[in-house]
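The values are calculated or read from the model by the stated rules, or taken from the named source; none is laboratory data. Just so it is clear, the structure is predicted and the values come from calculations on it, not from any experiment. Don't worry about glycine lacking a Cβ; one is built from the backbone with ideal geometry, like all the others, and counts go over all protein chains shown. Just so you know, the surface numbers come from the protein's heavy atoms only, side chains and all, with ligands and any DNA or RNA stripped out. Shrake-Rupley method; radii C 1.70, N 1.55, O 1.52, S 1.80 Å.
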Amino acid sequence: MVGSVGNGLADLGSGAAVSANGVAKASYYPAEAAAVAAEPLPMELEPPEAVAAAEEELEAANGRRAREIVMGRNVHTSCFAVKEPDADDEETGEREAAMASVLALYRRSLVERTKHHLGYPYNLDFDYGALAQLQHFSINNLGDPFIESNYGVHSRQFEVGVLDWFARLWELEKDEYWGYITNCGTEGNLHGILVGREVFPDGILYASRESHYSVFKAGRMYRMDCVKVDTLISGEIDCADFQRKLLQNRDKPAIINVNIGTTVKGAVDDLDLVIKTLEENGFKDRFYIHCDGALFGLMIPFVKKAPKVTFKKPIGSVSVSGHKFVGCPMPCGVQITRLKHINVLSSNVEYLASRDATIMGSRNGHAPIFLWYTLNRKGYRGFQKEVQKCLRNAHYLKDRLKQAGIGAMLNELSSTVVFERPKDEEFVRRWQLACEGNIAHVVVMPSVNIDKLDYFLNELVEKRASWYQDGISQPPCIARDLGVENCLCGLHK
């Protein structure tokens, strides 16, 4: 059955409130709470009634049965105001001195926040000093990367070099691909799903419930029918449920978002099984697959025995983020699709003396140079070493958490370690942890070393002892989120 497009993160506005300390709060996924509550868990995942009752009792004791989403602080309370210059500012220099002071203060905060960054997939280990000489230029890659426009201050020569590198990585010939460097990972998803919609105008969008919220944003923007597919406990798409939902809409083509690493658990959808499910259920030549590889799309090619993401398989597009594993200092991404699909989107623009099939039109011309610089410095071997380091350190973190009695899970192809949510929201903010319900995660990136993990672990263990020292409140049960084998609450220890 076709469902309405929606995602809890996009529906917070109506239910949000601001507490006395300036922290906005909203009930947990309010727009979908009733619908989710009415949907039974897949039979293979539903725990026995006795266990479920015990879990509810434990949650009630912790006061977490109706957990609220805790929103970040209201920035209006700490923003840097823009003020009109005084008439004599040029003579006194007070305005320049004041701005320099603000920037120095901001830089100190960046240093401190970088030191305690663990929850989001950004590689903060980079040095682009050699590119500072280019910051004096307004570089804009207007329109199509492959056709110059009349605006001469561009970096297309770098952009196409980067695109060629990714096309080789994903095994698509130069004369068979089209792509561009996007402003972020979300734009890659918006473009990939748009291409799928243009190829199959009456197609239905399928995405697992653990897909990034931008996938559902694309569905809303394009007014597409969207079906949310259940997931396994790992976070991977449940292809049995996918098959059931395909067969309920067998008269419509399928546009599928396949996750190469889900947002919260880092789960990699089984691309081969998705393709097999489609072809064995009457959808051969009637589907379009977009692969959202925001983080792991650039890691998985360097993981031994990992399934390949390649255009030798019947996929339509792949997108990755450039500011995540690569470590670009500004948000950007790469979107690659088949050239044959792009003609339906592309149009000539006389104003540019070029063509345009992108989402945004004007694009950051500095980003391709940063990507080109990193790809040349590291190459395939450099990325392979960094991937191995991330996976090794992620296993270290998961093992240390479990040794400390903290429930944790690490998917096989992932560097995202998921564990019980810390009780103290100040601790969550200090370490910039990404949380969902009773779980939080750390994304182990190249910039995260063992010393930083030990620093975090020691602080977590010390704080956790104080959170539960009264013996009344208990650590949350995460069996429903991560499986009984990964839960170390009082019931499942």
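Region 139-173 and region 285-342 have Cα centres spaced 17 Å apart. Answer rounded, prolate or oblate for region 268-422, using the Cα gyration tensor with square roots of eigenvalues a ≥ b ≥ c: rounded when a/c is under 1.5, else prolate when a/b is larger than b/c, else oblate. Oblate, because a/c is 1.5 or more while a/b does not exceed b/c. Accessible surface of region 68-108, 1.4 Å probe: 55 percent of it comes from carbon and sulfur atoms. So if R0 is 25 Å, what FRET efficiency would residue 344 and residue 270 give, r being the distance between their Cβ atoms, rounded to the nearest 0.05? The formula returns an efficiency of 0.25 here. Neighbours of residue 271 by Cβ distance under 14 Å: Lys/Arg scored +1, Asp/Glu scored -1, total -3. Restricting region 390-493 to GluC sites (Glu not before Pro) that sit in a DSSP loop and have at most 16 other Cβ atoms within 10 Å of their own Cβ leaves 412. Sorting 114-126, 224-236 by their mean Cβ neighbour count within 10 Å, with the most densely packed peptide first, gives 224-236, 114-126.
Solvent-accessible area assigned to carbon and sulfur over region 323-425 amounts to 49 percent, based on a 1.4 Å probe.
Shape of region 355-415 from the C-alpha gyration tensor: prolate (a/c of 1.5 or more and a/b above b/c, with a ≥ b ≥ c the square roots of its eigenvalues).
With contacts taken as Cα pairs under 8 Å at a separation of at least 6 residues, region 192-243 carries a relative contact order of 35 percent.
Close amide H pairs (under 5 Å, H built 1.01 Å from N) link residue 182 with 333, 334, 335, residues at least 5 positions away or on another chain.
Computed 3J(HN,Hα) for region 178-192, one whole-Hz value per residue from the Karplus formula 6.51 cos²θ - 1.76 cosθ + 1.60 where θ = phi - 60°, is 9, x, 7, 8, 8, 8, 5, x, 4, 4, x, 5, 4, 6, x, glycine and proline marked x. Around the amide H of residue 256, modelled in the peptide plane, lie the amide H atoms of 206, 288, 289, 290, all under 5 Å away and 5 or more residues distant in sequence or on another chain. What is region 169-249 by shape, rounded, prolate or oblate, if you read a ≥ b ≥ c off the alpha carbon gyration tensor as root eigenvalues and call it rounded for a/c under 1.5, prolate for a/b larger than b/c, and oblate otherwise? It comes out prolate by the Cα gyration axes. A Cβ-based charge dipole, computed about the Cα centre of region 447-493 with Lys and Arg at +1 and Asp and Glu at -1, lands at about 140 debye.
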